[in-house]
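Reviewing the structure listed below.
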Amino acid sequence: MDFDVIIAGCGPTGAVLAAELRLHDVRVLVLEKDTEPTSIVRIVGLHIRSLELLAMRGLLDRVLEHGRRRPAGAYFAAIDRPAPPGLDSAHAFLLGIPQPVLVRLLEEHAIALGARIRRGHEVTGADQDHDGVTVTLADGRRLRARHLVGCDGGHSTVRKLLGIGFPGEPSRNETLMGEMEVGVATAEIAARVTEIRRTDKRFSVQPFGDRVHRVIVPGPAAGDRAAPPTLEDFRQQLRTVAGTDFGVHSPRWMSRFGDATRLADRYRAGRVLLAGDAAHIHPPIGGQGLNLGVQDAFNLGWKLAARIRGWAPATLLDTYQAERRPVAEDVLDNARAQTELLSDGPGPRAAHRLLTELMDIDEVNRRLLEKITAIGIRYDFGPGPDLLGRRLPDLDVRQGRLYDLLRHGRGLLLDRTGSLTIAGWPDRVDRVGDPAAAVDVPALLLRPDGHVAWIGDDQQDLDDHLARWFGEPAG
């Protein structure tokens, strides 16, 4: 084998997956068809759960240096409500960061861990057999790997090569989004925006830094969606919707997006897997897409590494689809709901007014925010306390911060009993005795992605769950 894993696509999902695999000494090659990183300086938002995962791997401080924090809240259907009190996270904010900067930081992290990244190499073929996958490149070269992962976007070549269905709804509406300077007073813009948004929630012109405004405006009914929009496109649509183009000029970036919503029939076909937009696409309402893909990578990385290192239980890799596809289904559904709430017409406007009223109730607001930010996810690990299957926030423990103890991508036993052992799994799981008041249970087992895999105080029960997630004991 030339490599253990070949990853097609070096966006945020592919870069994170490469780094996660390298934590376990897996030989990784990332192939990106574009010769250079994108020049579109689009600002993307990292939600709470993605920030937590970056903190687990020691990346968050570097990312924070290049981003701008914004208060959590006002995510769902652009309803302007602050976050409910007492959010259970040390990172309860939204981080806006230029996408090229984020990709660069994630690539540097993967390379520092030993991943190889090759740009200008397009995957055009994939043939798998009992032992591995033969990957064919556009120039005719062939490479062998044990596994191939398609992180190559909504038009994924890997998914098409596998013949995996991608059912859903095609794009019906187009929206233009960009950041640019304006030529009229902010107060004048705000008054006009307030008036328009009474009937069109898809329209927005908001200050976004020094002299810059973020402009979101419904696009033309027909057009070349593959071509990037021009400043004149924005001016024409602003005149159509608002009666003025606000004197927009000097754009930082401009893009267009549709509202297509699709989900792959399956995330795995033998030795080939899908992650990120290759597995799911939806409108960018709520800013969930990039976050969903990054979280796919954190879920898949340690499981695929376990398969390659030879200690994975037989069904471990199957849990990737079993856990992540329902999460994607939920994201697609809430994106559909938001799209309807933001559409024109008396029915959607009435529903939007009703939900705005309901979101004054903290529990309603909290439930919707937890959906958008992914901190409400609970994987189905079987019967047990509500904490089972959920993520733990970054708690203080006697040894420092909890997430610092997960930096190497291993499992972690927090043992308040002082009597439990991980004798058969020291190469896969760490143990922290007397973690102080981190959690009010005798002991719990965390997976490398920070989700609670077991709670209890019985050694035999612990051993059974260690075997379930981390394979048979060594020796």
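Each residue, ALA191 and HIS408, gets one label point 7 Å from its Cα in the Cβ direction; the gap between the two is 6.4 nm.
The distance from the alpha carbon centre of region 149-166 to that of region 50-66 is 29 Å, rounded to a whole number. Expressed as a whole percent, the accessible area of region 143-217 that falls on carbon and sulfur atoms is 51 (1.4 Å probe). Taken along the Cα-to-beta-carbon direction at a fixed 7 Å, the label points for SER171 and ALA436 span 5.1 nm. Average accessible surface for the chain: 42 Å² per residue, computed with a 1.4 Å probe over protein heavy atoms with every protein chain in place.
Relative to the Cα centre, what is the charge dipole magnitude of the chain, using +1 at the beta carbon of each Lys and Arg, -1 at the beta carbon of each Asp and Glu, and rounding to the nearest 20 debye? Don't skip to the end; give the middle numbers.
On the way: 61 positive and 65 negative charges, 181 e Å.
That gives a dipole near 860 debye.
Taking the 0 to 90 degree range and rounding to the nearest ten, how far is the long axis of helix 186-196 tilted relative to the main principal axis of the chain, both from C-alpha atoms? With rounding to tens, the tilt is 90 degrees. Bridging of LYS160 to lysines at a Cα separation below 18 Å is possible for LYS33, once same-chain residues fewer than 8 apart are set aside. Taken one residue at a time, the phi angles of region 120-125 give Karplus couplings (6.51, -1.76, 1.60, θ = phi - 60°) of x, 10, 9, 7, 10, x Hz. Gly and Pro are set to x. For the chain, the longest principal axis of the Cα atoms and the long axis of helix 346-358 meet at an angle of about 50 degrees.
Figure legend: label point modelled 7 angstrom from the Cα of ALA227 along Cα→Cβ; residues of region 234-251 with amide N under 17 Å from it are 234-237.
Treating r as the C-beta distance of ASP129 and THR199 and R0 as 41 Å, the FRET efficiency rounds to 0.10. Counting only alpha carbon atoms, the long axis of helix 362-373 and the longest principal axis of the chain meet at about 80°.
For region 301-370 and region 419-463, compute the distance between their C-alpha centroids and round to whole Å. Computed from Cα coordinates, the inter-centre distance equals 28 Å.
Full extension from ARG239 to ASP139: what is 0.36 nm times the residue separation minus their Cα-Cα distance, to one decimal in nm? All intermediate terms of the calculation are to be shown ahead of the outcome.
Details: separation 100, 0.36 × 100 = 36.00 nm, distance 4.70 nm.
Net length gain for the segment: 31.3 nm.
Put a dot 7 Å past the Cα of ARG42, heading toward its Cβ, do the same for ALA350, and the two dots end up 3.6 nm apart.
What does the highest-first list of 77-86, 149-158, 245-254, 378-387 look like by mean Cβ count within 10 Å? Can you show the working numbers first?
Details: 77-86: 15.2, 149-158: 24.2, 245-254: 17.2, 378-387: 12.6.
Per-residue mean Cβ counts within 10 Å order the peptides as 149-158, 245-254, 77-86, 378-387.
The values are calculated or read from the model by the stated rules, or taken from the named source; none is laboratory data. What you see is a predicted model, and the numbers here were worked out from it, not measured in a lab. Quick reminder, even Gly has a Cβ in these numbers, built from the backbone with ideal geometry, and neighbours come from all protein chains shown. For accessibility, only protein heavy atoms count, side chains too; no ligands or nucleic acids. Shrake-Rupley method; radii C 1.70, N 1.55, O 1.52, S 1.80 Å.
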